[in-house]
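Chemist: One structure is given below, represented as structure tokens, and several questions about it will come after.
Bear in mind these aren't lab numbers, they're just calculated from the coordinates by the rules spelled out. Just so it is clear, the structure is predicted and the values come from calculations on it, not from any experiment. No Cβ is skipped: glycine too gets one built from the backbone with ideal geometry, and neighbour counts run over all protein chains shown.
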């Protein structure tokens, strides 16, 4: 949560003294909550990823893991409840009301803050989606508590505090942030940053209903319509099995074609690092990294990408990272599995050609037999 | 129409380096810029003023050097600039930042007329939290419209605004009311070139410098480090993996042989991939 003036990294020893005794009125805050993001009938998969993390935190703290489902009455909310249990929740809180049909800040903030005030969780996790970020900022401000955005690692300290680690300084360093004297301790995590946990069919457990204390008349903002994204407009990057990406080492916008050619040859999605989006070479939905998409493919090929932390945290979940970079000291070689020090512009066509030969129909038939 | 836009001066992140030995940020000589996401909000604010008349006040909180960012904003055509600067703000997290900014916006409103719209960028490129905008909206009781892709219409007489808002998997069309807080999505417009008059005006006109007291902030315990519920305990560079990347040697080999060797190394480590690639590629 670094902002304006938090510029000087301070030694841990100097900051440890800040911890005071938790104020009495926060002492009965217990259990770990995960917001189950239900929009237009579907649960966002980041919610399951968070249940996996939440389970670990709850087990360490020896407390319960709860899912929080907000939505309109219907089949979808029932499914969301069942899935929350299947992914590890011990208990589910729901607020069911027709006016929660579309996401709007006012009723969702009201529902969440009322739930928190009544049932008092010590930790509240949300997905860092457009919905989750819009909601989390309002909820934290209403509750006057700390919120750490876009965490890449969550843990419990020896004293039971949530240790939330996130990139800082534009993604060049990591920092660990605590909310020591306020509750709940809130954090958001971006989709795909945490691994998807195992799903296990389980009977639906305890479900606690809570009434929504706001009426349509009190809500100013009205939804006039919704236009879903066309399939082609949404890059399916986050969930692709194979990804090829280019960075500044490509030198010029037209060399992005070399990345696209390799991607096409191996049936991959293509992406890029942040500078290419800032230069306007590639649209923002293709950006890979802390402020773009986080990916977890089986194979990731990075061409001409130096590998700043902001990029690294977005690709570390890949099974196999291959780096092509002309600079032997590029940080990407510190976390890639396979590296090659060479000019990506020259090498990409050769690699595309190699794959095309190997994967040609002729060889494919041999593979199949 | 009175529009307030909050901006932030940030280091140009493309140029930040970490010292290889001490693992600290090498800050010297890193140029500062207006947070790039804020420029979309600034342009939208200027367009609304040009269409509906009124004034654009640009506001930032930061050290004295943040005045540079405000002068740039004046150069683009903003009418007034306020720099909220005080040592009490040092160490602010997003909650303390949104507190100080909302107090300053209230003061701007008292002095120059209540704002109809408060703008902010989607997020900053250094903090990346996207929390300060919603925090200001909540504190000032403004309708919160984040990730706005387009302002479709404004009816000043009826105090009504219609926007297109990016949401998960699509675009919401929303009708809401003024006053509201809008965070603008990137790529929705392009910042103008300031006119010569604006450039001259920016050089001449003063940037208002407000302390906490000037902004009407009485409770200093809600500012800076003391007003921040979050505590940064540790800042560190991530550890390198135990083993570095296995390098494919390029010396004395043709490009073709090197490429074949890399491909073979990929398939050795992930044997199942060859099948998948062959059938995905649809050759």
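Chemist: Of B:196, B:151, B:33, which is the most mobile in a GNM of chain B whose springs link Cα atoms less than 10 angstrom apart?
Modeler: Its mean-square fluctuation being the largest, the pick is B:196.
Chemist: Using just the helices of chain B, give the 222 nm mean residue ellipticity in deg cm²/dmol: DSSP H runs with n ≥ 4 each add -39,500 (n - 2.57), and the total is spread over all residues, rounded to 500.
Modeler: -9500 deg cm²/dmol, from helical runs alone.
Chemist: Continuing with the same structure: How big is the gap, in Å, between the Cα center of the stretch B:220-283 and the Cα center of the stretch A:161-202?
Modeler: 21 Å
Chemist: If you don't mind, another one. Would you calculate, for chain A, the mean residue ellipticity at 222 nm contributed by helices, counting each DSSP H stretch of 4 or more residues as -39,500 (n - 2.57) and dividing by all residues, to the nearest 500?
Modeler: Mean residue ellipticity, 222 nm, calculated: -9000 deg cm²/dmol.
Chemist: Separate question: Using only Cα positions of the protein assembly as shown, each an equal point scatterer, no hydration layer, compute I(q)/I(0) via Debye at q = 0.06, 0.09 Å⁻¹ and quote the log10 values to two decimals.
Modeler: Normalising to I(0) and taking log10 leaves -0.34, -0.77.
Chemist: Express as a percent, rounded to the nearest 5, the fraction of DSSP beta bridges in chain B (both residues included) that run antiparallel.
Modeler: Percentage antiparallel, nearest 5: 40.
Chemist: Something else now. Could you give the angle, 0 to 90 degrees to the nearest 10, between helix B:255-269's Cα long axis and the longest principal axis of the Cα atoms of chain B?
Modeler: Compared with the principal axis, the helix lies near 90 degrees.
Chemist: Also, I was wondering about something else. Which order results if A:42, A:25, A:311, A:210 are arranged by neighbouring Cβ count within 10 Å, fewest first?
Modeler: Ordered from fewest to most neighbouring Cβ atoms within 10 Å, A:42, A:25, A:311, A:210 come out as A:25, A:42, A:210, A:311.
Chemist: Between the stretch A:242-275 and the stretch B:157-198, how many Å separate their Cα centres?
Modeler: 32 Å
Chemist: With a/c under 1.5 counting as rounded, go ahead and sort the stretch B:181-277 into rounded, prolate or oblate using the C-alpha gyration tensor (a ≥ b ≥ c being the square roots of the eigenvalues; past the cut-off, prolate if a/b is larger than b/c, else oblate).
Modeler: Judged from the Cα gyration tensor, the stretch B:181-277 comes out prolate (a/c at least 1.5, a/b above b/c).
Chemist: Another one. Please work out the ratio of the alpha-carbon Rg of the stretch A:21-218 to 2.2 N^0.38 Å and round it to two decimals.
Modeler: Taking N as the residue count of the stretch A:21-218, the ratio is 0.96.
Chemist: How many Cβ atoms of partner chains, on average, are near each residue of A:334-347 if near means within 10 Å of its Cβ?
Modeler: Taking all residues of A:334-347 together, the mean is 5.
Chemist: At a Förster radius of 25 Å, what calculated FRET efficiency corresponds to the Cβ-Cβ distance of residue B:255 and residue A:254, to the nearest 0.05?
Modeler: It comes to 0.80.
Chemist: In peptide A:110-120, what is the residue-averaged number of other protein chain Cβ atoms found within 10 Å of each Cβ?
Modeler: 0
Chemist: Continuing with the same structure: Within the stretch A:267-306, whose backbone N sits under 18 Å from a point 7 Å along Cα→Cβ of residue B:12?
Modeler: Under 18 Å, as judged by backbone N against the label point of residue B:12, lie A:274-281 of the stretch A:267-306.
Chemist: Sticking with this one: Using alpha carbon centroids, what distance separates the stretch A:317-356 and the stretch A:53-95, in Å?
Modeler: 41 Å
Chemist: Further, regarding this structure: What's the average, rounded to a whole number, of partner chain beta-carbon atoms within 10 Å of each residue's beta-carbon in A:138-144?
Modeler: Whole-number average of other-chain Cβ neighbours for A:138-144 is 6.
Chemist: Considering only chain A, what is the antiparallel percent among its DSSP beta bridges, to the nearest 5?
Modeler: Of those bridges, close to 20 percent are antiparallel.
Chemist: Listed highest first by mean packing, meaning other Cβ atoms within 10 Å per residue, what order do B:261-274, A:155-168, A:172-185, A:122-135 come in?
Modeler: A:122-135, A:172-185, A:155-168, B:261-274
Chemist: Arrange B:140, A:38 by Cβ neighbour counts within 10 Å, fewest through most, would you?
Modeler: With the sparsest Cβ surroundings first, the list reads B:140, A:38.
Chemist: Related question: Which FRET efficiency value, to the nearest 0.05, is calculated for residue A:329 and residue A:45 with the Förster distance at 45 angstrom and r the Cβ-Cβ distance?
Modeler: It comes to 0.75.
Chemist: Percent antiparallel among DSSP beta bridges with both residues in the protein assembly as shown, to the nearest 5?
Modeler: 35 percent
Chemist: Could you state the angle between the C-alpha long axis of helix A:75-86 and the longest principal axis of the C-alpha atoms of chain A, as a value from 0 to 90 degrees rounded to the nearest 10?
Modeler: Taking the Cα atoms of chain A, the angle to A:75-86 is about 80 degrees.
Chemist: Turning to a different aspect of this structure: Please provide three numbers in whole Å: the alpha-carbon extents of chain A along the principal axes, with the largest listed first.
Modeler: Largest first, chain A extends 64, 53, 42 Å along its Cα principal axes.
Chemist: In square nanometres and to one decimal, what's the mean projected area of the convex hull around the Cα atoms of the stretch B:240-283?
Modeler: 4.5 nm²
Chemist: Apply 1/(1 + (r/R0)^6) to the Cβ-Cβ distance of residue A:24 and residue A:204, taking R0 = 35 Å, and write down the FRET efficiency to the nearest 0.05.
Modeler: Between residue A:24 and residue A:204 the formula returns 0.45.
Chemist: Starting from the Cα gyration tensor of the stretch B:2-222, take the square roots of the eigenvalues, sort them a ≥ b ≥ c, and report rounded, prolate or oblate (rounded when a/c is under 1.5, otherwise prolate if a/b is larger than b/c, else oblate).
Modeler: Verdict is rounded for the stretch B:2-222.
Chemist: Something else about it: Tell me whether the stretch B:120-176 comes out rounded, prolate or oblate; compute the Cα gyration tensor, take square roots of the eigenvalues as a ≥ b ≥ c, and use a/c under 1.5 as the rounded threshold.
Modeler: Judged from the Cα gyration tensor, the stretch B:120-176 comes out oblate (a/c at least 1.5, b/c at or above a/b).
Chemist: Just to confirm the number: angle between the C-alpha axis of helix B:67-76 and the first principal axis of chain B, 0 to 90 degrees, nearest 10?
Modeler: 80 degrees
Chemist: Another question, then. Each label point is 7 Å from the Cα along the Cα-to-Cβ direction; what then is the distance between the points at residue B:51 and residue B:177, in nm?
Modeler: The answer from the label model is 2.2 nm.
Chemist: Fewest to most neighbouring Cβ within 10 Å: what's the order for A:244, A:116?
Modeler: Ordered by Cβ neighbours within 10 Å, fewest first: A:116, A:244.
Chemist: In nanometres, what is the gap between the two model label sites at residue B:152 and residue A:113, each 7 Å from Cα along Cα-to-Cβ?
Modeler: Computed distance between label sites residue B:152 and residue A:113 equals 2.8 nm.
Chemist: For the stretch A:33-123, count the residues as N, evaluate 2.2 N^0.38 Å, and divide the Cα radius of gyration by that value, please.
Modeler: In units of the 2.2 N^0.38 Å rule of thumb, it is 1.03.
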